[in-house]
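The values are calculated or read from the model by the stated rules, or taken from the named source; none is laboratory data. Since the model is a prediction, treat every value here as computed from it, not as a measurement. Cβ placement follows ideal geometry from the backbone for every residue including glycine, while neighbour counts extend to all protein chains displayed. Ligands, DNA and RNA are excluded from the accessible area calculation, which covers all protein heavy atoms including side chains. Shrake-Rupley method; radii C 1.70, N 1.55, O 1.52, S 1.80 Å.
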Amino acid sequence: ARCAPWNDNWDFRSSEEKTNVVRHIVLVRHGQYDEKGKGDAAKVLTELGREQARLTGKRLAGYLPAGVQWKAVYQSDMARAKETAKIVMTEINASMPAVALQDPIALLDEGYPAEPVPAPSTRLWAERKTWEHAPRIEAAFRMFFHRENAPKVKSGGQTGAGNASPPSGPADPAAFKDEAKKPPASEHTYELVVGHGNVIRFFVCRALQFSPEAWLRIAVYNCSITHIVIGSTGRVSLYTLGDVGHLDPRSQVAYRRVTAAMCVSFHQGLARLWPQRRDNSARADKTRGEAPREEARR
């Protein structure tokens, strides 16, 4: 199967003046929370969720290259995301110059971004308000995912940098020619977004120009890190998806209320039961005077 052609104007900015800025957008899913809480305010982080957020903050405090700071940190307007962001910021600000946490953004709230394909088997999906959530989450994507804008030129030919005089250059015309040959060095900026699993999965699909309806095929654990890079030309790369290397895989990696250790125990239990089920089936076949199923299949 061939990959669909890449749309260079996916952010509607391909005709604008190019910059040398490479944008790094780091997405963090909130920590594990109390799903039984009545209303958003009661759905706060569990003890495990708070520990996940603390360890994620420590990871992000040393995540950037030396001497680089977070350009901005954003958060959803839901309680579990705001609590996660607060804990993460405490750890980040403890080891680097203080970074301001932006006001909550309701566009980032959890929701159902598109009708998933294939459709889930559960009957509950018919009650989901995808038609209501999808436009909001699409607006959030367009708010955060785009190439960097060139500085606006003010009247009189001045840019947003003010009225400072241009730096003096070499007087030799040949030197000017040599400088023009050198491409400007890329400037990397890093932005952190603390949000929700469905929204992050949708963002990944949209940024990579995959079908948005495929979002439910992706899984991201609580407090996992997803890193997307938007180059100055508009090309997009997925650096990491759902990274939980900072969490203990035996007790701290969780998807909602289920930890990875619980999943392992469940599958190990199935593995132990499976031979027993096969033996019971073979004995039942012999009792009925039938050939064992495996021999019959041969």
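Could you go through segment 167-178 and let me know if any residue there is at pLDDT 95 or above and open to solvent by less than 60 Å² (accessible area, probe 1.4 Å). No, segment 167-178 contains no residue that is at pLDDT 95 or above and open to solvent by less than 60 Å² (accessible area, probe 1.4 Å). Is it the case that Thr240 is open to solvent by 20 Å² or more (accessible area, probe 1.4 Å), of a type in the set (Val, Ile, Thr) and at pLDDT below 95? Criteria not met by Thr240. Looking only at residues of segment 224-250 that are among the hydrophobic types (A, V, I, L, M, F, W, C) and under 10 Å from the mean Cα position of the chain (by Cα), we find that the one that is farthest from Arg206 (Cα to Cα) is Ile225.
Within segment 10-27, one or more residues are free of Cβ contacts under 8 Å to residues at least 12 places away in the same chain, hydroxyl-bearing (Ser, Thr, Tyr) and either part of a helix (DSSP H, G or I) or open to solvent by 20 Å² or more (accessible area, probe 1.4 Å) (or both). Given Glu132, Glu138, which one is of a type in the set (D, E, K, R) and either touching a residue at least 24 places away in the same chain (Cβ under 8 Å) or surrounded by 12 or more Cβ atoms within 10 Å (Cβ to Cβ) (or both)? Matching residue, one of Glu132, Glu138: Glu138.
If I ask for residues that are hydroxyl-bearing (Ser, Thr, Tyr) and either surrounded by fewer than 15 Cβ atoms within 10 Å (Cβ to Cβ) or assigned to a strand (DSSP E or B) (or both), which ones from segment 51-89 would you list? Across segment 51-89, the qualifying residues are Tyr74, Ser76. Does Thr226 satisfy being open to solvent by less than 30 Å² (accessible area, probe 1.4 Å), at pLDDT 55 or above and not aliphatic (A, V, I, L, M)? It is true that Thr226 is open to solvent by less than 30 Å² (accessible area, probe 1.4 Å), at pLDDT 55 or above and not aliphatic (A, V, I, L, M). Considering segment 29-50, and only residues there that are acidic (Asp, Glu) and part of a loop (DSSP other than H, G, I, E, B), the residue that is modelled with the lowest pLDDT turns out to be Glu35.
Filter segment 90-116 for residues that are part of a loop (DSSP other than H, G, I, E, B), touching a residue at least 40 places away in the same chain (Cβ under 8 Å) and open to solvent by less than 80 Å² (accessible area, probe 1.4 Å) and give the result. Hits for segment 90-116 are Asp109, Glu110, Gly111, Tyr112, Pro113, Ala114, Pro116.
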